[in-house]
Amino acid sequence: MSHREPVVIIGAGLAGLSAARALRRADVEVLVLERENRVGGLCRTETVDGFAFDYTGHLLHLREGRVRDMIIGELAGKLTEHVRNASVFLKETYVPFPIQANFGSLRPNLVKRCIRDFRRAAKAVMPVDPSFVRWARAQFGDTLAELFMIPYNRKLYIHPLEEMEPSWTSWSVPRPTAEEMEMAARGEDPGTFGYNAAFYYPTHGGIEMLPGMLSGGLDDIIALNTGVVRIDAERKVVTTDDGREIGYRSLISTTPLPALLEMVTEPSWNSAGIPAGGAKKLRHSSVVGYCLGLDGPVLRDEHWIYFPEANFPFYRVGVFTNFSADLAPEGASSLYVEVAHRPGEPPGNGSMEKQIMEGLKSAGIIPPGRRVVARRSLAMPYAYVFYNRYRKDHLDGILAGLREHSILSVGRYGAWEYSAMEDAIRWGIEAAGEVMR
């Protein structure tokens with residue numbers, strides 16, 4: 001294919017839109033193929049009877065300077081900054097998050113065990129190449145690991161944590177110092193921890209404002225309702241779900257990496273370092289977000305709450321109207337309840353909403369008699385990447401092999417990473433730069 005062919009981008013989520021925007025501004029011919037009827041990917045907002053529901057909690061943490069400056073600059077006056085208010089519901093107690101810095105709120109016998117085990121762990125040698133389970137015990141001690149780290153992540157990731165390696169924790173799981181843990185044991189405030197200690201959220205309208213901003217001026221290069229079913233890496237041609245063939249000079253894919261590998265038809269994958277059958281060995285968990293509009297206020301002021309215990313079917317609850325009162329009619333409230341499941345095996349029994357409501361009442365989030373007046377279940381088939389050994393050993397080679405064929409796989413699911421929205425935007429901009437170079 002000649003350089004007269006466009007750069008083709010698969011997916012109009014945050015990474016795809018950011019790449020398209022950067023290429024358009026550099027006067028590079030580009031075409032975005034999006035299978036849905038509007039842009040945004042999972043960064044979308046659905047409206048039901050006056051309630052605005054996001055695909056669970058999409059919050060802007062904005063750590064990285066260039067992306068932060070762009071978003072705050074272009075959405076000036078449209079964002080509200082929040083200081084995180086989050087808890088862990090454990091042993092019928094609300095413990096401020098992160099629990100490893102606030103376990104002094106637990107019962108005295110648990111506090112003693114937590115600090116005792118942490119002191120032991122601090123003297124131990126970290127295992128070489130540990131599983132997540134061994135890492136959690138070595139980092140925080142057995143008690144905290146068994147109270148929260150292990151059961152919560154089992155609910156979230158579904159797959160055996162003994163098969164998970166812990167590299168994803170480097171930025172997402174804060175570890176207090178020994179002094180800060182001692183402060184937590186005494187019930188003192190050791191300060192804020194974690195990448196999500198503060199965040200921004202749109203004052204009005206929900207998170208779909210963000211892809212709306214990124215897609216401004218790109219309508220003529222975005223083909224909606226256009227999915228890709230096959231990629232001929234040798235000829236540099238994509239085939240769409242309506243049978244069209246579109247040539248490209250470079251391809252930027254934001255589709256989940258396993259799905260991308262299944263679409264590519266190229267006999268020389270092994271010579272490019274991509275193992276046969278690799279798509280099926282890249283694992284993940286799926287999530288259903290049960291979004292509920294209520295006829296009155298919730299009883300908690302947290303932004304979100306974690307539920308590690310097995311008697312709750314969900315692992316996290318977030319309160320939309322604690323991000324912005326604009327997301328529900330006056331006097332009403334809304335929340336989302338996240339339930340993880342194995343891919344292809346959604347929690348489909350009809351009693352799920354009943355279980356959810358019972359759990360919300362027993363945890364004191366909503367009062368007895370509170371009614372659901374609007375609802376929407378939002379499925380996320382790809383939700384959390386599972387960091388198994390196969391991913392660790394082969395991901396770099398897979399991505400490099402795709403690059404050899406002028407295919408850049410980027411974004412949270414394209415790069416097969418655990419990451420935030422701002423990372424997706426940054427990846428899109430960097431992919432555009434790589435294509436131009």
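Numerical summary
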{"item": "Apportionment of accessible area to carbon and sulfur, the chain, percent (1.4 Å)", "result": "48 percent"}
{"item": "Candidate residues T169, T47: accessible-area rank, largest first, probe 1.4 Å", "result": "T47, T169"}
{"item": "Surface accessible to a 1.4 Å probe, per residue, for the residues of the chain, Å²", "result": "42 Å²"}
{"item": "Spin-label pair D69/D232, simplified geometry with 7 Å Cα→Cβ offset, distance in nm", "result": "4.5 nm"}
{"item": "Whole-percent pair-distance distribution, where bins are 5 Å wide, for the alpha carbons of the range 366-412", "result": "5, 14, 13, 15, 12, 8, 7, 6, 6, 8, 5, 2, 0"}
{"item": "Computed magnitude of the charge dipole of the range 216-331 (debye, nearest 20; Cβ of K, R +1, Cβ of D, E -1)", "result": "680 debye"}
{"item": "Pairs beyond 25 Å (Cα-Cα), from K280/K354; K155/K392; K91/K281; K155/K354; K91/K112; K236/K392", "result": "K280/K354; K91/K281; K236/K392"}
{"item": "Aspartates and glutamates with Cα under 18 Å of K78, excluding same-chain neighbours fewer than 8 positions away", "result": "D54, D69, E208, D326, E422"}
{"item": "The chain: relative contact order as a whole-number percent, Cα under 8 Å and 6+ apart", "result": "26 percent"}
{"item": "S172-D396 FRET efficiency (beta carbon distance; Förster radius 22 Å; 0.05 resolution)", "result": "0.60"}
{"item": "Whole-Å distance, taken between Cα centres, linking the range 221-254 and the range 277-317", "result": "34 Å"}
{"item": "Cα→Cβ-extended label distance, 7 Å offset, between K78 and A26, nm", "result": "2.5 nm"}
{"item": "Karplus-derived 3J(HN,Hα), 6.51/-1.76/1.60, for each residue of the range 258-265, Hz, glycine and proline x", "result": "x, 5, 4, 4, 5, 7, 7, 10"}
{"item": "Dipole axis of the chain (+1 Lys, Arg; -1 Asp, Glu on Cβ), positive-most option in V238, I99, P297", "result": "I99"}
{"item": "Extended-chain gain in nm, criterion 0.36 nm per residue less alpha-carbon gap, M436 and R186", "result": "84.4 nm"}
{"item": "Gain on full stretching of the segment that runs from E163 to R244 - 0.36 nm per residue minus C-alpha separation", "result": "25.0 nm"}
{"item": "Relative contact order computed over the range 306-349 (Cα-Cα under 8 Å; 6+ residues apart), in percent", "result": "34 percent"}
{"item": "Helical segments meeting 20 Å axial Cα length and Kyte-Doolittle -1.0 threshold in the chain (DSSP H)", "result": "108-123, 389-404, 421-436"}
{"item": "Estimated inter-spin distance, E353 and T47, nm [label 7 Å along Cα→Cβ]", "result": "2.2 nm"}
{"item": "Alpha-carbon centroids, the range 111-146 and the range 10-30: separation in whole Å", "result": "45 Å"}
{"item": "Per-peptide average of other Cβ atoms within 10 Å, ordering 229-240, 327-338, 214-225 highest first", "result": "327-338, 229-240, 214-225"}
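The values are calculated or read from the model by the stated rules, or taken from the named source; none is laboratory data. All of these numbers come straight from a predicted model, not from anything done at the bench. Cβ: placed from backbone, ideal geometry, glycine included. Neighbour counts: every protein chain shown. Calculation scope for accessible area: heavy atoms of the full protein, side chains included, ligands and nucleic acids excluded. Shrake-Rupley method; radii C 1.70, N 1.55, O 1.52, S 1.80 Å.
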